[in-house]
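Take a look at the structure below.
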Amino acid sequence: MFQYENAWQGALRRIADAARASGRAPGEISLLAVSKTFPPAAVRAVHALGQRAFGENYVQEALAKMDALQDLRDVEWHLIGPLQSNKAAAAAARFAWVHSVDRAKIAGRLAAARPASLPPLSVCLQVNISGEATKSGVPADEVVALGGAVAALPALRLRGVMGIAAATADTALARSQFRLLARCAADLRAAGLPVDTLSMGMSGDLEAAIAEGATMVRLGTAIFGQRPAATDAGA
Ligand SMILES: *Cc1c(COP(=O)(O)O)cnc(C)c1O
């Protein structure tokens with residue numbers, strides 16, 4: 001009856017199954033629906049099913065979507081794509097979360113632009129867990145220093161870490177990269193920076209991520225279907 005109902009329910013089932021397989025409670029893992037490249041109507045349809053957290057990669061595209069969906073008061077918008085300095089002010093004003101903070105300069109820009117009327121912006125540090133030079137993210141051994149810089153900014157709330165595993169059929173490799181991200185979160189806690197979020201796992205690797213402790217999985221394809229390939233890289 002609803003266009004995305006089967007896919008959305010199926011995604012929730014995959015999360016619950018993966019949680020149980022690891023001896024975890026399904027309620028420990030939240031679902032971020034990644035709506036990049038899909039029109040406002042698609043977000044509206046999935047919102048009608050009960051989904052509230054949506055992830056976007058491109059600030060301009062997201063702002064247009066937010067404007068088109070203003071009547072939906074309770075959408076929680078997450079920015080998960082690379083963030084350029086010149087978009088930081090707009091991002092700080094319109095998103096509830098930014099998962100892609102990978103340098104102190106961007107954190108400072110976000111903090112300076114976060115409206116005082118809003119609660120602190122929830123922030124995850126993006127960590128380069130695949131080791132690929134083309135991927136964004138802070139190296140794992142710089143996470144604690146960056147976390148300290150973010151935690152010092154009252155307009156930001158340090159929530160945790162985000163990572164993207166290499167696109168691979170090798171489950172053991174994906175798991176080792178997710179394990180590295182989990183260790184980064186543990187390092188932050190050990191440094192006295194309390195974090196509650198491990199943002200890891202996408203449509204192709206959510207089971208591996210949940211096995212390594214993911215608390216938020218970011219699913220696009222599994223809910224909305226295939227995206228046009230050319231728009232997939234993030235910008
Ligand atoms: C596009 C994207 C996703 C969703 O990917 P799917 O494979 O479609 O689930 C998750 N995280 C980030 C950072 C992305 O850019």
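The values are calculated or read from the model by the stated rules, or taken from the named source; none is laboratory data. Predicted model, so just to flag it, every value in this text is computed and none were measured. So basically every Cβ, Gly included, is an ideal-geometry build from the backbone, and we count neighbours across all protein chains shown. Ligands, DNA and RNA are stripped out before the accessible areas are found, and what is left, the full protein with its side chains, is counted by its heavy atoms. Shrake-Rupley method; radii C 1.70, N 1.55, O 1.52, S 1.80 Å.
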Roughly how much of Trp97 is accessible, in Å² to the nearest 10, using a 1.4 Å probe? 20
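Give, in nm to one decimal, the length gained when the segment between Ala186 and Ala89 is fully stretched (0.36 nm per residue of separation minus the Cα-Cα distance). Kindly include the intermediate steps, with their values, before the conclusion.
Details: separation 97, 0.36 × 97 = 34.92 nm, distance 3.02 nm.
Full-extension gain reported as 31.9 nm.
Give the relative contact order (percent, whole number) for the stretch 1-103; include only Cα pairs under 8 Å separated by 6+ residues. Mind showing how you got there, number by number?
On the way: 108 pairs, mean separation 21.4, N = 103.
Here the relative contact order equals 21 percent.
Could you sort Lys36, Lys135 by accessible area so the largest value comes first, with the probe set to 1.4 Å? Could the numbers behind the result be given before it?
Details: Lys36 20, Lys135 75 Å².
Final ranking, largest accessible area leading: Lys135, Lys36.
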How many nm is it between the label spots at Gln3 and Ala172, if each spot is 7 Å from the Cα in line with the beta carbon? 4.3
Based only on the alpha carbon positions, what is the Kirkwood hydrodynamic radius of the stretch 1-108, in angstrom? 15.1
Thr134: accessible area at probe 1.4 Å, nearest 10 Å²? 130
Based on the Cβ-Cβ distance from Gln60 to Ala133, what FRET efficiency comes out when R0 is 22 Å, to the nearest 0.05? 0.25
Among Ala90, Leu198, Leu146, flag the residue with its Cα farthest along the positive direction of the charge dipole of the chain, charges on Cβ as +1 for Lys/Arg and -1 for Asp/Glu. Ala90
Pairwise Cα inverse-distance average, inverted: Kirkwood Rh of the stretch 151-235 (Å): 14.0
Go through Pro26, Met66, Gln51 and say which Cα lies farthest out towards the positive end of the charge dipole of the chain; charges sit on Cβ, +1 for Lys and Arg, -1 for Asp and Glu. Met66
Exposure of His47 as accessible area (Å², to 10), given a probe of 1.4 Å and all protein chains: 20
At each listed q (0.09, 0.11, 0.12 Å⁻¹), what is the log10 of I(q)/I(0) that the Debye formula gives for the chain modelled as equal alpha-carbon point scatterers? -0.34, -0.52, -0.63
Going residue by residue through the stretch 31-39, the Karplus relation 6.51 cos²θ - 1.76 cosθ + 1.60 with θ = phi - 60° gives ³J(HN,Hα) values, rounded to whole Hz and with x marking Gly or Pro, of 10, 9, 8, 8, 9, 3, 6, 9, x
Which of Gly213, Gly201, Gly225 ends up with the largest GNM mean-square fluctuation for the chain, with Cα atoms connected below 10 Å? Gly225
Quick one: compute the contact order of the chain, relative version, from alpha carbon pairs under 8 angstrom and 6+ residues apart, as a percent. 21
